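Below is the structure I would like to discuss, written out as structure tokens.
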Amino acid sequence: MSWRESISREIFIQARTTIVLNMRFMDMAVFRLRPVAAPLTLATDGECLYYSPVWLLKRYRDEANAVTRDYLHVLQHCVFRHPFISTLVDDRLWDLACDIAVEGLICELNIPIL
């Protein structure tokens, strides 16, 4: 494991802890996704949380709480089963609608660290 991956995993542990401390009801969802380094920014298939260590470190450096918010954003997509749709849906419009719904919910939670 590279030093970037090692530090990235520590950042994810911090983000998970922050989410669980502020929203205990999210504990099952938080611990369900397994972080895996990949050549993406941040994505999930419902089992793994794929991330680019370089992207994550830059994101954390620019705004430490942004990683926690991003993690919560991905979790909300899974909780609402957004990634699991039929082939009859326009993927681009579905993704946009889901992002709007998830961001609206995060804003309504009004958690100071996000």
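Of everything in segment 1-30, what is of a type outside the set (A, V, I, L, M) and more than 19 Å from I106 (Cα to Cα)? Give them in sequence order.
Those that are of a type outside the set (A, V, I, L, M) and more than 19 Å from I106 (Cα to Cα): S2, W3, R4, E5, S6, S8, R9, E10.
Hey, can you tell me all the residues within segment 2-13 that are of a type outside the set (S, T, Y) and farther than 18 Å from R32 by Cβ?
Passing the criteria: W3, R4, E5, I7, E10, I11.
Moving on. So for segment 100-112 (the condition being under 21 Å from P35 (Cβ atoms), surrounded by 14 or more Cβ atoms within 10 Å (Cβ to Cβ) and either of a type outside the set (K, R) or modelled with pLDDT of 90 or more (or both)), does at least one residue qualify?
yes
Now for a different question. Kindly check whether there is at least one residue in segment 36-45 that is in a helix (DSSP H, G or I), hydrophobic (A, V, I, L, M, F, W, C), within 22 Å of S6 (Cα to Cα) and touching a helix residue (DSSP H, G or I) at 6+ places or on another chain (Cβ under 8 Å).
So far as segment 36-45 goes, no, none of its residues is in a helix (DSSP H, G or I), hydrophobic (A, V, I, L, M, F, W, C), within 22 Å of S6 (Cα to Cα) and touching a helix residue (DSSP H, G or I) at 6+ places or on another chain (Cβ under 8 Å).
On to the next question. Take the residues in segment 78-94 that are among the β-branched types (V, I, T) and over 17 Å from the mean Cα position of the chain (by Cα), then tell me which one is surrounded by the most Cβ atoms within 10 Å (Cβ to Cβ).
Per the stated criteria, the residue is I85.
Another question, then. So, of the residues in segment 38-77 that are small (G, A, S) and at pLDDT 90 or above, which turns out to be surrounded by the most Cβ atoms within 10 Å (Cβ to Cβ)?
Going through the qualifying residues, I end up with S52.
The values are calculated or read from the model by the stated rules, or taken from the named source; none is laboratory data. Remember, it's a predicted structure, so these values are computed and weren't measured experimentally. So basically every Cβ, Gly included, is an ideal-geometry build from the backbone, and we count neighbours across all protein chains shown.
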